[in-house]
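The values are calculated or read from the model by the stated rules, or taken from the named source; none is laboratory data. Predicted model, so just to flag it, every value in this text is computed and none were measured. All Cβ positions, glycine included, derive from the backbone under ideal geometry; neighbour counts span all protein chains shown. Side chains included, ligands, DNA and RNA excluded: accessible areas come from the protein's heavy atoms. Shrake-Rupley method; radii C 1.70, N 1.55, O 1.52, S 1.80 Å.
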Amino acid sequence: MNVKQKIVLIVVAAIIFMMFLFPPFVIKIQSTSMNFGYSFILSPPKYGGLLASVNIGQLFLQWLAIVSIGLVGWLILKKSK
């Protein structure tokens with residue numbers, strides 16, 4: 001692994017960590033979902049007396065996208081032997 005590939009891995013890991021600290025939140029009321037944007041994991045947004053929960057599906061898709069982009073970048077920077 002060369003230096004540029006290590007930088008890609010560090011950047012991807014940092015982005016995933018930040019996505020974990022500031023995940024997307026959603027509130028589900030009956031059959032309606034209301035997105036509440038991003039907030040710090042330890043202080044989720046509130047709506048009236050309801051507390052928002054992490055939108056796990058959206059967070060997983062974001063992680064999958066960033067890992068895919070990082071993998072492509074890592075492969076592009078791979079030295080040919």
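Side notes on the structure shown:
- Helix axis angle, 3-21 relative to the chain longest principal axis, alpha carbon, degrees: 10 degrees
- Per-atom-type breakdown for the chain gives carbon and sulfur 72% of the accessible area (1.4 Å probe, protein chains only).
- Percent of alpha-carbon pairs separated by more than 16 Å within the range 39-81: 59 percent
- Only lysine pairs 8 or more places apart or on separate chains count here, and in the chain those with Cα atoms under 24 Å apart total 7.
- When all alpha carbon pairs of the chain are counted in 10 Å bins from zero, the resulting P(r) reads 18, 37, 23, 15, 7, 1, 0 %.
- Treating r as the C-beta distance of Leu77 and Phe17 and R0 as 30 Å, the FRET efficiency rounds to 0.90.
- Contour minus Cα-Cα distance for Ile41 and Lys28 (0.36 nm per residue): 2.9 nm
- Computed lengthening from Val3 to Ile69, 0.36 nm per intervening residue step minus Cα-Cα distance: 22.0 nm
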